[in-house]
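The values are calculated or read from the model by the stated rules, or taken from the named source; none is laboratory data. None of these values were measured; they are calculated from a predicted model. We place every Cβ from the backbone using ideal geometry, glycine too, and count neighbours over all the protein chains shown. These accessible areas exclude ligands, DNA and RNA; they are computed on the full protein's heavy atoms, side chains included. Shrake-Rupley method; radii C 1.70, N 1.55, O 1.52, S 1.80 Å.
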Amino acid sequence: MKYLQQGDPEKVSELSCGWAFKPMFEENGTLILNKEYDLMVNGGTPFEKDVEVDPSIARRTSSSRFMSLLSRNKQPTLVIKTNAANNEQKERFDVLPSVVVGKVPYLHSMALYRHYLACVLLRDRDNLQSTEPVFEPFLAHFPQLLEMPDLTDLLLERWDLKLKSKSRTDRRDVEVLVNTLVSTFTEWIYPLMHAHLPTYKAGYPNSIKKRAELISAFKIKGEQKNTGLAAMLDPSIEYEPFDMKELSFSVNGPQCIAAV
């Protein structure tokens, strides 16, 4: 849990509300799917056992057996529900690393990123042994973008609008999906990633509010001209000096090692 200290809205402190353990596999080794858990929240650390979050509840326990059961139910719990991936999601998981932490709505774009990464590294390069950086701003920026939910949501929103103008056949074509995603990123997200936006920090309301205001201004300006690039001429938004490194993607980076 994060909380703001009175008088200083940018000074955020963190407080642990406890921890809970959820098994991922059955005793026979099979993955647990489609099950809801009501987990008891423990106090202390995962290395300690039988530590209650609120010991005062136990101290108030009555000698009555019925009242003891009621008191036990007052201990904090965490409800978690696990669901099995559908066939479409399974196909996308097949091109992703074995462990992925992220939002389900981002799954499609992450899978297309990996597909595009494989094409650039293995299909489109003349010399597979070369370690020279390649001109790929989308590949270079997308991993950073996923750490900025506000910009990622904007990308998916504008991408979805572009796909609605495509035919059903095109919306099923992976190459069309990738090219549309890359062009949407270049038009709407790349400029904002190099604008003078406050650093995204979850739990910092002032920073998130300022980011939302600048992103909204950029979006409105772009919609007026029907292109996000027009918003770059808006004097109310300042940008970082251009650096050629922004356009290059290292073929020796961690994303490449995982892909190959």
Taking the range 51-75, which residues are at pLDDT 60 or above and either loosely packed, with under 11 Cβ neighbours inside 10 Å or among the acidic types (Asp, Glu) (or both)? Glu52, Asp54, Pro55, Ser56, Ser64, Arg65
Out of the residues in the range 207-223 that are at pLDDT below 90 and under 16 Å from Trp159 (Cβ atoms), state the one that is surrounded by the most Cβ atoms within 10 Å (Cβ to Cβ). Gly222
Among the numbered conditions (1) modelled with pLDDT under 90; (2) surrounded by 12 or more Cβ atoms within 10 Å (Cβ to Cβ); (3) charged (D, E, K, R), tell me where Lys81 comes up short. (2)
Tally time: how many residues in the range 149-164 are free of Cβ contacts under 8 Å to residues at least 60 places away in the same chain, surrounded by 19 or more Cβ atoms within 10 Å (Cβ to Cβ) and under 18 Å from Ile208 (Cβ atoms)? 2
Would you mind telling me which numbered condition in (1) open to solvent by 30 Å² or more (accessible area, probe 1.4 Å); (2) free of Cβ contacts under 8 Å to residues at least 60 places away in the same chain; (3) over 21 Å from Ala230 (Cβ atoms) Pro143 fails? (2)
State all residues of the range 224-240 that are exposed (fewer than 14 other Cβ atoms within 10 Å of the Cβ) and either in contact with a Pro (Cβ under 6 Å, 6 or more places away or on another chain) or modelled with pLDDT of 85 or more (or both); if no residue qualifies, say none. Gln224, Glu238, Tyr239, Glu240
If you scan the range 243-253, which residues turn out to be within 24 Å of Ser183 (Cα to Cα), in contact (Cβ under 8 Å) with a residue 24 or more places away in the chain and open to solvent by 80 Å² or more (accessible area, probe 1.4 Å)? none
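Taking helices (runs of 4 or more DSSP H) that fall entirely within the range 148-205, which contain at least 1 residues that are touching a strand residue (DSSP E or B) at 6+ places or on another chain (Cβ under 7 Å) and within 20 Å of Glu88 (Cβ to Cβ)?
Working: elements: 149-164, 168-171, 174-184, 190-193.
Counting at least 1 such residues, we get no helices (runs of 4 or more DSSP H) at all.
Evaluate the following for Glu48: is it more than 23 Å from the chain's Cα centre (by Cα), open to solvent by less than 90 Å² (accessible area, probe 1.4 Å) and modelled with pLDDT of 80 or more?
yes
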Contacts under 7 angstrom Cβ, first residue in the range 200-216 being more than 15 Å from Leu145 (Cα to Cα), partner at pLDDT 90 or above and assigned to a helix (DSSP H, G or I), 6 or more apart: Ala212/Asp150
In the range 88-129, the residues that are open to solvent by less than 80 Å² (accessible area, probe 1.4 Å), at pLDDT 90 or above and farther than 16 Å from Phe142 by Cα: Gln89, Arg92
Return only the number of the condition from (1) open to solvent by 40 Å² or more (accessible area, probe 1.4 Å); (2) closer than 30 Å to Glu52 by Cβ that Glu132 does not satisfy. (2)
Is there a residue in the range 107-126 that is under 25 Å from Ser207 (Cα atoms) and polar (S, T, N, Q)? no
